[in-house]
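Worksheet: the structure to be examined is printed underneath.
The values are calculated or read from the model by the stated rules, or taken from the named source; none is laboratory data. What you see is a predicted model, and the numbers here were worked out from it, not measured in a lab. Note that each Cβ is placed from the backbone with ideal geometry, even for glycine, and that neighbours are counted across all protein chains shown. Accessible surface is based on the protein model in full, side chains and every heavy atom, while ligands, DNA and RNA are left aside. Shrake-Rupley method; radii C 1.70, N 1.55, O 1.52, S 1.80 Å.
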Amino acid sequence: MKNQLFEEAKRSDTLSKELISNLLESMEYSSISFINWTIDVLKILKTRIDRGDKITDAVSKVVYDKKSFQAFVKKNFSSYIFSQVFADPKKAEKVYFHLESCDGGYNLIMSSSSKEKTYRWISSLSERFSLVEMIATGVLYVKDNRKDTYMPFISEHGKYCRYDQKTGKILEL
């Protein structure tokens, strides 16, 4: 379905109610896949309008030009999406994502703040190294405090590990 709507955005001179509805509905989700799809479609439409294509909104009957399309995006989408579509890439707004477990893996979900933690401190191993846990996965990492880098904590058997808070033990996965 999304592929058909993407193709419509690339070729059609009329934005269907279905395409507009899907674009606006994407604002209800924080998943990176929905956000990226919306940005991609809006960028295609912007490029087509910039080159002179006449694209009509099937809902409002507006024939978009550069100014009216920019107003439509600004009114209906987040400032992040607007900046990704219209701003100079160097000035585009930055957002952060966190991992959320789902069937078969993890989703990247837009964070409400840049302050959300990715790692939870477990223990200081030395002045230079700390043991931390990636909150979303439960996998342990050794943080190099001087270089601000992370390496997975690997057992002597070559396996990733997690920390069991109840027993205070490091367990292989």
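Brief remarks on what is shown
- Scope segment 75-92; condition of a type outside the set (Ser, Thr, Tyr), assigned to a helix (DSSP H, G or I) and surrounded by 15 or more Cβ atoms within 10 Å (Cβ to Cβ); matching residues: 81, 82, 84, 85, 86
- Consider segment 112-135 and keep the residues that are modelled with pLDDT of 85 or more and of a type in the set (Lys, Arg). The one that is nearest to residue 79 (Cα to Cα) is 120.
- Residue check for residue 159: closer than 29 Å to residue 32 by Cα and of a type in the set (Lys, Arg): no
- Count of segment 160-173 residues which are open to solvent by 100 Å² or more (accessible area, probe 1.4 Å) and in a loop (DSSP other than H, G, I, E, B): 3
- Qualifying residue in segment 117-139 (condition: closer than 30 Å to residue 21 by Cβ, within 18 Å of the chain's Cα centre (by Cα) and not acidic (Asp, Glu)): no
- Complete set of residues in segment 34-74 that are assigned to a loop (DSSP other than H, G, I, E, B) and either without any contact (Cβ under 8 Å) to a residue 12 or more places away in the chain or open to solvent by 60 Å² or more (accessible area, probe 1.4 Å) (or both): 51, 52, 54, 59, 60, 61, 62, 65
- Selection within segment 41-69: residues that are hydrophobic (A, V, I, L, M, F, W, C) and in contact with a strand residue (DSSP E or B) (Cβ under 6 Å, 6 or more places away or on another chain). The member of this set that is nearest to residue 11 (Cα to Cα) is 55.
- Test: residue in segment 136-159 that is among the basic types (Lys, Arg), at pLDDT below 85 and either out of contact with any strand residue (DSSP E or B) (no Cβ under 9 Å at 6 or more places or on another chain) or surrounded by 12 or more Cβ atoms within 10 Å (Cβ to Cβ) (or both): no
- Look at (1) at pLDDT 85 or above; (2) open to solvent by less than 60 Å² (accessible area, probe 1.4 Å) and you find that residue 14 fails only one, number (2).
- Residue satisfying all of: in segment 21-33; open to solvent by 10 Å² or more (accessible area, probe 1.4 Å) and part of a helix (DSSP H, G or I); nearest to residue 5 (Cα to Cα) among these: 22
Listed here are the residues, each with its yes/no results for (1) modelled with pLDDT under 85; (2) within 11 Å of the chain's Cα centre (by Cα); (3) of a type outside the set (Asp, Glu).
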position: 75; (1), (2), (3): no, no, yes
position: 82; (1), (2), (3): no, no, yes
position: 85; (1), (2), (3): no, no, yes
position: 89; (1), (2), (3): yes, no, yes
position: 94; (1), (2), (3): yes, yes, yes
position: 97; (1), (2), (3): yes, yes, yes
position: 100; (1), (2), (3): yes, no, no
position: 106; (1), (2), (3): yes, no, yes
position: 110; (1), (2), (3): yes, yes, yes
